[in-house]
1. Using r as the Cβ-Cβ distance of Lys4 and Thr146, and R0 as 35 Å, what FRET efficiency do you calculate, to the nearest 0.05?
2. Provide the net charge surrounding Val186, with neighbours chosen by a C-beta distance below 12 Å and charges set as Lys +1, Arg +1, Asp -1, Glu -1.
3. Cβ neighbours within 10 Å, averaged per peptide: list 55-67, 34-46, 144-156 in order, most packed at the top.
4. Please give the contour-minus-distance gain from Ser163 to Lys63: 0.36 nm per residue of separation, less the Cα-Cα distance, rounded to one decimal in nm.
5. If the cut-off is 17 Å between C-alpha atoms, which aspartates and glutamates fall inside it for Lys153, apart from same-chain ones fewer than 8 positions away?
6. Within a Cβ distance under 15 Å of Gly40, other residues only, what is the Lys/Arg minus Asp/Glu net charge?
7. Could you bin all the Cα-Cα distances of the chain into 5 Å bins starting at 0 and give me the percent of pairs in each, rounded to whole numbers?
8. May I ask you to derive the relative contact order of the chain, considering only C-alpha pairs under 8 Å and at least 6 residues apart, and to give it as an integer percent?
Amino acid sequence: MSKKVLIVYGTRYGATESTSQEINKVLSESGLDTTVINAGKERVKDISVYDMAIVGSGMQMGKWTGAAEDFLKKYKKELSQKKTAIFVSSAAEALMKYDKNNEELEKINKQYLEDKATNYGLNPISKVIFGGVWDFNKMSFIFRKTMSPFKIKIKEAGFKEVSPGRYDTRDWEVIRNWAKDIASKV
């Protein structure tokens, strides 16, 4: 009987959804029985049947999505006793790497991952920040205006528009390799 893995995510612009689907693909190809749930659209009723839970969230203004956060709150006790991994999608992280801003990278790693794990009593086998997507078409007017100066920096860093107003900063090989590593630890 293959091991069962639950992937739960919260997303704003779709990056965490497609990242979760890619993780699912790699884990499934590794022989694991996976279930993927968008916490913003579906409710998880029971996690006891899973050998491992992977929880992911998009980031905006330093905050996880409400749906992913609610999942962590609801299953805090069960997750603390289960093998877990957490990840976030953050387009800003890619710009910090481009700027070689290691101090800021360490700060967001602590805030987005380490503090989150500590707050919920988790001891994840892995915590990672992947790149994300800036979709200026889906942003609110005010957020779009606030983020507009970043368009120049996004282009300087070599990220191209994948469609008008949409920039994808993810490295798919990094995501696949992380998923392979997770598969070997389940």
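1. Efficiency, from the Cβ-Cβ distance: 0.25.
2. Taking every other residue near Val186 into account, the sum is +3.
3. Working: 55-67: 19.4, 34-46: 14.6, 144-156: 12.8.
Answer by packing, highest mean first, reads 55-67, 34-46, 144-156.
4. Contour length minus the Cα-Cα distance gives 33.4 nm.
5. Glu93, Asp99, Glu104, Asp135, Glu161, Asp168
6. +3
7. Pairs per bin, as whole percents: 1, 8, 17, 21, 21, 15, 9, 6, 2, 0, 0.
8. In percent, rounded to a whole number, it is 24.
Any read-out appearing in this document is the output of simple, stated calculations on the displayed coordinates, not a laboratory observation. A quick note: this is a predicted structure, and the numbers were derived from the prediction, not measured. Note that we place each Cβ from the backbone using ideal geometry, even for glycine, and neighbour counts take in every protein chain shown.
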